[in-house]
Amino acid sequence: MNRVAATIALVARREVSTQVRSRTFVIGLVLMLAVFGGYGAVFAFVGSQTSEASLVLDGQAHELREDLRSAADRQGLQLTLTEAGNRATAESMVRGGEADAMLTGGFGTFQLVGRDDVGAGLRTLVTGVVEQRAVTDALSAAGADPDRVSALSGVGIRTLEPADPERGQRIAIALAVTFLLFFSVTAYGAAVAQGVVEEKSGRVVELLLATIPATQLLAGKIVGLGLVGLLQLLILGAVGTVVALATGLLAVPAVLAGTLLSAVVWYLVGFFLFATLYAAAGALVSRQEELQSVTAPVAVPLLVPLLLAVAVLPTDPHNTVTTVLSYVPFFSQTLMPARTALGAAAWWEVLIALALALAALVGMVLLSARVYRNSVLRTGARVGWREALKRP
Amino acid sequence: MLAIEGLAKRFGTATALDGVTFQVRPGEVFGFVGGNGAGKTTTMRIVLGVLDPDAGTVSWRGSPVDATVRRRIGYLPEERGLYPKMRVTEHLVYLARLHGMSRSAARDAAATWTGRVGLAERRHDEVQKLSLGNQQRVQLCAALVHDPDVLVLDEPFSGLDPAAVDTLSEVLRERAAAGIPVIFSSHQLELVERLCDRVGIISAGRMAAVGTVDDLRAASAERYDVTGPPAGWADGLPGVRVLDTDGARTRVELEPGTDDQKLLAAALQAGPVHAFGPYRPPLSELYRDAVADRPGTGGPA
């Protein structure tokens, strides 16, 4: 047993040192950091667009100053209000970009003027305030009490389950984790297939198999590449976390820590599940050019949950299809962590999905080892699945 | 002793091996010869456990060869192959460690063997940067680096320059002298005859002959070279078959039980005899005879 472990460790170490020295590793890392950076920048940009606005008030509009301020506070909009001495100054401020828009005119003739457009947030705010003011004044004039009308017309809104104030952030984290896992499992699963074919086409595999058993060679290769993938995942996760926290993009370290932990666990499960599949596929062919044809079908179970996680989960975290699939091995490694990040999965759900995935993994390891052993020394024509799966 | 007993292997409908049996003793260099597709590589692959036989066993010192024994075998596969991007020393150390060597012992052995085959200057180069001949030397080092108890080499001499052939011959004799069995296949029969203690000839998946070259000679019919008498002198002599005539020399083969003195008397009667003596056929001729009556085999390439 000791010797088996030592052999697997030797093979794994070779894989790690070869991979880490390779250009693919560095390029992959840089590429992912760029994607991450772009993703963060877009979020930051969209965030700044919606939460900040500046308005210059001209003439009678200054009477609405207090109403505008309190309405902006209620909506979480950071509103900068300035008053220009005259209309021309106000207009030049809008034209020059110092203010997003100006409010001019008086009751009945108010005009909200932007340079070429007025942001939706600002538009809603100002029209709401003007309308409210008009109604209040009309009610007062009619002898009614505006406060009482307001109290009577209010509709309280509440949810049966506590609303999640961090939902937006959770969606962001869930998407990041989904992409990260998809990338890691795909890249390093494919690296396993490529490594297997490389040894086969380079003929070194015969020398290796004359020295150590096929299962140990396969196990070492998968463990080694899995560790490299994990290393990359951790680097990206750490960089992402630090950047997100430093820029104030995300403000929930607790959610993030839990999510990262679950990402690591699911990465390992997902990677090993797919790596065994990729290794078996790689053993069937003799040349790199043929690899695509056998690994393409493997990409399907990787893509389906990714699309579901991106398209369905953010808007509908409790969707039935995704909930059911999040238990199914080969889908769970993407869907369950996404649901966890969204706060839509209980801890026992995660455990059930993990148990099912591990059971599938045991089966896959046995099957893949058989295919590998049956096919890896057969060069030339592609080995058929049926033949490869034959009991030796 | 490395004992190969009754190996049988079929690939689909083709029979690759059919009852292959022979032994290689410690300290013995065993030459394994046969035509292309005769079953040499298949036999060696089965010895290394790379291929499973349909029947038969391979045993070492009386017990079946298992993973533990295989770690102690040095193997040179017919299909050469190394990791192209690994450096020479790094690669050899890796292989030695897979065989169970400690890191420092592996380093020392890698240095020793690369020096021995003349690759001392290339130790830190990537394998892919070496010429094919030098890659072949690295491959030889890979078979030797872990100080194996048994050597199994498939065509170790192919692709080597004369200097490397000499070095390898020396290494094989030296390893055998250290008490390990050495088995190698080759199509260079003069080399096999010079280097090997015993020879096994395989043809169409069966052993056609196994023994020392002298054994093989003794087993074949006696042959004589007679120089002197005019051509045609031996035609029609009972128990005598003329093999070929070259000028004044006639080469004949005697049927078992034919008296060589009667042959000499007949020769003297036909004319003056300048030379008369037994002919010792080289391995290449013995090989041809051994595989001659087997269908479906080519000669040595």
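The values are calculated or read from the model by the stated rules, or taken from the named source; none is laboratory data. Since this is a predicted model, take the numbers as computed values, not measurements. Using ideal geometry, Cβ is built from the backbone for each residue, glycine included, and neighbour counts are taken over all protein chains shown. Each accessible area value is taken on the protein alone, full model and side chains, heavy atoms only, with ligands, DNA and RNA left out. Shrake-Rupley method; radii C 1.70, N 1.55, O 1.52, S 1.80 Å.
May I ask you to verify whether A:VAL298 is of a type in the set (A, V, I, L, M, F, W, C) and either farther than 28 Å from A:ALA388 by Cα or not assigned by TED's automatic domain parsing to the domain that holds A:GLY189 (or both)? No: the conditions fail for A:VAL298. Within the stretch B:55-73, take every residue that is of a type outside the set (Val, Ile, Thr) and within 12 Å of chain A (Cβ to nearest Cβ) and give me the one that is least open to solvent (accessible area, probe 1.4 Å). The selected residue is B:ARG71. If you check B:GLU90 against the conditions, is it within 22 Å of A:ALA210 (Cβ to Cβ) and either open to solvent by 40 Å² or more (accessible area, probe 1.4 Å) or out of contact with any Asp or Glu (no Cβ under 7 Å at 6 or more places or on another chain) (or both)? The answer is yes for B:GLU90. Can we say B:VAL152 is within 14 Å of chain A (Cβ to nearest Cβ), among the hydrophobic types (A, V, I, L, M, F, W, C) and more than 21 Å from B:ARG194 (Cβ to Cβ)? No: the conditions fail for B:VAL152. Being assigned to a helix (DSSP H, G or I), closer than 26 Å to A:LEU227 by Cβ, modelled with pLDDT of 90 or more and open to solvent by 20 Å² or more (accessible area, probe 1.4 Å): is that true of A:LEU277 here? So A:LEU277 passes the test.
Yes/no per residue for (1) outside the structural domain of B:LEU189 (by TED's automatic domain parsing); (2) at pLDDT 95 or above; (3) in a loop (DSSP other than H, G, I, E, B); (4) more than 14 Å from B:VAL150 (Cβ to Cβ):
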residue: B:ALA16; (1), (2), (3), (4): no, no, no, yes
residue: B:PHE30; (1), (2), (3), (4): no, yes, no, no
residue: B:GLY37; (1), (2), (3), (4): no, no, yes, yes
residue: B:PRO53; (1), (2), (3), (4): no, no, yes, yes
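Where residues in the stretch A:41-64 are of a type in the set (D, E, K, R) and open to solvent by 50 Å² or more (accessible area, probe 1.4 Å), which of them is modelled with the lowest pLDDT? Filtering first and then ranking leaves A:GLU52.
Taken over the stretch A:65-88, residues that are open to solvent by less than 60 Å² (accessible area, probe 1.4 Å) and not small (Gly, Ala, Ser) amount to 6. Would a scan of the stretch B:250-258 turn up a residue that is of a type in the set (S, T, N, Q), modelled with pLDDT of 90 or more, surrounded by 17 or more Cβ atoms within 10 Å (Cβ to Cβ) and assigned by TED's automatic domain parsing to the domain that holds B:GLN23? No, the stretch B:250-258 has no match at all.
With the condition kept exactly as written, say whether any residue in the stretch A:101-118 is loosely packed, with under 15 Cβ neighbours inside 10 Å and on the phi > 0 side of the Ramachandran plot. Scanning the stretch A:101-118, I find at least one residue that is loosely packed, with under 15 Cβ neighbours inside 10 Å and on the phi > 0 side of the Ramachandran plot, so the answer is yes. Inspect the stretch A:165-184 for any residue being within 14 Å of chain B (Cβ to nearest Cβ), open to solvent by less than 80 Å² (accessible area, probe 1.4 Å) and not acidic (Asp, Glu) and give the result as yes or no. No, that holds for no residue. Checking each residue in the stretch A:201-215 for being out of contact with any Lys or Arg (no Cβ under 7 Å at 6 or more places or on another chain) and more than 9 Å from every other protein chain (Cβ to nearest Cβ) picks out only A:THR215. Within the stretch B:74-108, can you find the residues that are small (Gly, Ala, Ser) and facing chain A (nearest Cβ under 8 Å)? B:GLY81, B:GLY100 - these are the residues of the stretch B:74-108 that are small (Gly, Ala, Ser) and facing chain A (nearest Cβ under 8 Å).
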